[in-house]
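Structure, as structure tokens:
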Amino acid sequence: MSHADATVADVAARLAAVRERIAAAVARRGDGPAVRLVGVSKRQPLTAIENAAAAGLQDFGENYAQELRDKQQAHPHAPWRWHFIGALQSNKVRLVVGCALVHTIDRPKLLPAIEHHAAEHGHVQDVLVQVNVAGEVGKAGIAPHELPALLDRFADLPHVRCRGLMLIPPEASPEATRPHFRALRHLAEAQAATSRPGVVLEELSMGMSADFEVAIEEGATLVRVGTAIFGPRPSSRSDPHDDTG
Ligand SMILES: *Cc1c(COP(=O)(O)O)cnc(C)c1O
């Protein structure tokens, strides 16, 4: 019996606990935007998603473009919102256009490809820009000083709309991560002062299982929570010993 065989009741109980913690964090934060829970279902079987949906979860986040497409196509009529939260390769853009929100625009080059595929489908694609606020070498995300120029480009892309910013912080304790969450909010606030066609900076995608409460206290509107809802991720086939999730 693997960890993947969590029952409906397991998932419902974990989901309820996460929702309670979100509500408590929102109460500590005080007035502010609504917080949406994105259940990160990468490498989880379809049954895990179905169980979470039965317990009321509506938003699912996937890291691999083909896995996102396959899961989406398995339930084409479900009223779920799919989020793409993984590293995006140019040749996979066509697989993610059409999902509710692409969180990981981390370089200008992706934008013409998204515009092209979205226009082809008569769709306006909502996206977030991933920012490397900590300036980590080799990490995805654009540098804060490059953000204004990237946001300017949306004016020429009628089928792509920027809805906010996204952060994957350096691995650290929740409290050590707080300044990074705060920096992303300050960056969004500063850029929101400039009005740009195709850009509305209202979403902040930040916070995962280990630190979503701190992220909410710092203004997150989208929290991406995997293991706290679904339990440990099943080992991937390419690495049968990867049990760390
Ligand atoms: C896997 C992943 C998550 C969820 O991580 P957990 O620790 O399982 O909550 C969130 N965001 C991104 C970008 C991820 O890759």
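Per-structure values
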read-out	value
Qualifying residues in the stretch 202-226 (those that are among the hydroxyl-bearing types (S, T, Y) and under 11 Å from the mean Cα position of the chain (by Cα)) - the one farthest from the ligand (Cβ to nearest atom)	T221
Per-region count, the stretch 93-114, residues buried (at least 18 other Cβ atoms within 10 Å of the Cβ) and of a type outside the set (V, I, T)	8
Subset of the stretch 125-140 [within 13 Å of H103 (Cβ to Cβ) and assigned to a loop (DSSP other than H, G, I, E, B)]	A140
Test: residue in the stretch 61-71 that is under 17 Å from F230 (Cα atoms), of a type in the set (G, A, S) and either within 16 Å of the ligand (Cβ to nearest atom) or out of contact with any strand residue (DSSP E or B) (no Cβ under 8 Å at 6 or more places or on another chain) (or both)	yes
Candidates A100, A34, A52 - the one that is touching a residue at least 40 places away in the same chain (Cβ under 8 Å), under 22 Å from E218 (Cα atoms) and not basic (K, R)	A34
Residues within the stretch 174-210 that are among the charged types (D, E, K, R) and without any contact (Cβ under 8 Å) to a residue 40 or more places away in the chain, tallied	4
Any hit, the stretch 120-140, residues being of a type in the set (G, A, S), surrounded by fewer than 20 Cβ atoms within 10 Å (Cβ to Cβ) and more than 21 Å from P169 (Cβ to Cβ)	yes
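Since every read-out is calculated from the coordinates, none of them should be taken as a lab result. Quick caveat, the model's predicted, so the values are computed rather than measured. Heads up, the Cβs are rebuilt from the backbone with ideal geometry, glycines too, and the neighbour counts pull from every protein chain shown.
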